[in-house]
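Contents: one structure, followed by commentary.
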Amino acid sequence: MLLAILGSPTSWYVNELRRVAQDRHDVVCFTFSELGSAVSSSEFRVTADGARLEEIDCLHVRTMSAASLEQVIFRMDLLWQLEARGVRVVNPPGAVEAAVDKYLATARLQAAELPVPPTVVCQNVDHAMAAFAELGQDVVVKPLFGAEGRGMSRITDEDIAWRTFKTLAELRSVLYLQQFIPHDGFDTRVLVIGDKQYAMRRENSGNWRTNAARGADCKPCELTPDIADLAQRAAAAVGASLAGVDILEDSAGKRYVLEVNAVPGWQALARTLDVDISAEVLDHLLRQPTDREMSARSK
């Protein structure tokens, strides 16, 4: 089978998928900037470095690189078109769009009746200051698009809140405020791979952020049925079959779904659990198509 990966050719993840594929499957890698399309009355094709992507078995979205609005829209258009023409896209474009947008992901999680921290999203300073008070004057301000804890700030001071919100508003940023959830310095990262789940506990005694990229210590932990179910439902809420789900337990024991990542990493998880996660991911990417996917290919 032929797997195409949208990502960096030097990425650890690309090299890992090539390793586990060995000589059983062909793996090629392209960057988003290499994508193009040609459309005429008699032909449609999506290409990358001369390869026709509508002829591959699976396209794995491994990264979402920074780009202009036009480029992002065009790239997502191509993913939608490939999926419509029967290519198995993992994760599908709808899941990527939902998960990369923190507001949309939070709304999807709430609609699925999953526990999320109280959140206010707005576009002006007055609204943000009112939300700051409403949320107990202890909030985490997050960029609407971002991962690994980058760009996040915890704010507890009213003057700092005003200056932060004013700066963001002048930059025409959306103001995303989430109530800080007091916790005991750890969260659970669950990697959902189809109907399987793998989990680790992330602890960071020196920082309220528990991301591995922020220096958290990663440890094996028990994956209880309720946590596994919460993670599976969260992934389904955004339409992702391969997802990293962050679950935080507050000091009173209540669990919250903080985030769903549709382009999840698993390097720290594989090292922590001593499990060949890459092999599990590859098997999921190249599994037999569903009936719906088979029907799409025949059209």
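Structure notes:
- Sequence-distant aspartates and glutamates (8 or more away, or on other chains) whose Cα lies within less than 12 Å of Lys196: Asp229, Glu280, Asp283
- With Cα atoms, 0 to 90° folded angle of helix 102-111 axis to the chain main axis: 90
- Using all pairs of distinct alpha-carbon atoms, the Kirkwood hydrodynamic radius of the chain works out to 20.5 angstrom.
- Projected area, mean over directions - the stretch 226-281, Cα convex hull, nm²: 4.4
- With Cα atoms, 0 to 90° folded angle of helix 158-170 axis to the chain main axis: 30
- For the chain, the 222 nm mean residue ellipticity estimated from helices alone, with every DSSP H stretch of n ≥ 4 adding -39500 (n - 2.57) and the total spread over all residues, rounds to -10500 deg cm²/dmol.
- Choice from Gly253, Gly86, Gly146 with maximal GNM fluctuation in the chain (Cα, 10 Å cutoff): Gly253
- On Cα atoms only, tilt of 125-134 relative to the major axis of the chain in degrees: 70
- Taking the inverse of the mean 1/r over every pair of distinct Cα atoms in the stretch 151-284 gives a Kirkwood hydrodynamic radius of 16.2 Å.
- Those lysines that a straight Cα-Cα span of less than 24 Å connects to Lys142, excepting residues fewer than 8 apart in one chain: Lys102, Lys166, Lys254
- J(HN,Hα) series, the stretch 7-18, from Karplus relation 6.51 cos²θ - 1.76 cosθ + 1.60, nearest Hz, glycine and proline x: x, 8, x, 9, 5, 4, 5, 4, 5, 5, 5, 5
- For the chain, built as a Gaussian network whose Cα springs stay under 10 Å, the top-fluctuating residue of Cys29, Cys58, Cys122: Cys122
Every number here is computed from the coordinates shown, using simple stated rules; none is lab data. All values reported here derive from a predicted model rather than from experimental measurement.
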